[in-house]
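The values are calculated or read from the model by the stated rules, or taken from the named source; none is laboratory data. Here the structure is a predicted model, which is why all the values come from computation and not from measurement. Here the Cβ positions follow ideal geometry from the backbone for every residue, glycine too, while neighbour counts run over all protein chains shown. Just so you know, the surface numbers come from the protein's heavy atoms only, side chains and all, with ligands and any DNA or RNA stripped out. Shrake-Rupley method; radii C 1.70, N 1.55, O 1.52, S 1.80 Å.
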Amino acid sequence: QQQVKQSPQSLIVQKGGIPIINCAYENTAFDYFPWYQQFPGKGPALLIAIRPDVSEKKEGRFTISFNKSAKQFSLHIMDSQPGDSATYFCAASMGASKLTFGTGTRLQVTL
Amino acid sequence: GAVVSQHPSWVICKSGTSVKIECRSLDFQATTMFWYRQFPKQSLMLMATSNEGSKATYEQGVEKDKFLINHASLTLSTLTVTSAHPEDSSFYICSAAATDFESPLHFGNGTRLTVT
């Protein structure tokens, strides 16, 4: 599988802060870049996704920034809340099917 | 939204026995389903791609005779872990997308397998 590198491995922010999680990919054929949120003992839930024809996409408090030339994309969580504490995975694929996942970021939002 | 149901949510079995995990797409048809395996605090690793009406495609290093996949209909795929051993203990997660190429993947809630 083609690699997707994700950083940081873990992140602690205070409530209201804006955690930023970064991912980089190698395969220029990737054309679909989703972010998933996973709580312990649960399957991943799709948060937001972007295709390379746009540089930014916002849905609620979640924003993806995409830099095609650098082959990088990032997730920003605005006004973070303790309920956002979870593991976040970026992923990439050709079409919205066979995903290659990043290594995950464990986010903790403190009061 | 699209719902993928996985059953059972957890199972404990003895070494040498087989365990079947079901993955159902509840409100859409899925020609393709994917099976992932996740170890604690690690990422999801794709095991195989399950295609309705045909043989599954396994990723490198995954034993197809140990992890039997059947995709008998557009809403059901099963993963059978045969002759389970303690090292097969893991979190198994399936995912599915509607037949529309543009539809995103949705995941089941996973099955925690413990082999004693």
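Quick look at the numbers
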read-out: Strands (runs of 3 or more DSSP E) (entirely within segment B:1-75) containing at least 1 residues that are open to solvent by 50 Å² or more (accessible area, probe 1.4 Å); value: B:4-7, B:10-13, B:19-25, B:44-51, B:67-73
read-out: Residue count, segment A:87-101 (criterion: touching a residue at least 40 places away in the same chain (Cβ under 8 Å) and either open to solvent by 10 Å² or more (accessible area, probe 1.4 Å) or more than 24 Å from B:C94 (Cβ to Cβ) (or both)); value: 4
read-out: Some residue of segment A:75-85 being in a strand (DSSP E or B) and either open to solvent by less than 10 Å² (accessible area, probe 1.4 Å) or without any contact (Cβ under 8 Å) to a residue 24 or more places away in the chain (or both); value: yes
read-out: Single condition A:P52 does not satisfy, out of (1) within 11 Å of chain B (Cβ to nearest Cβ); (2) under 14 Å from A:C23 (Cβ atoms); (3) part of a loop (DSSP other than H, G, I, E, B); value: (1)
read-out: Qualifying position, being farther than 23 Å from B:V3 by Cα and either within 11 Å of the chain's Cα centre (by Cα) or at the interface with chain B (Cβ under 9 Å from one of its Cβ atoms) (or both), among A:C90, A:C23; value: A:C23
read-out: Selected residue (criterion: most open to solvent (accessible area, probe 1.4 Å)) from residues of segment B:76-116 that are at the interface with chain A (Cβ under 8 Å from one of its Cβ atoms) and over 12 Å from the mean Cα position of the chain (by Cα); value: B:F101
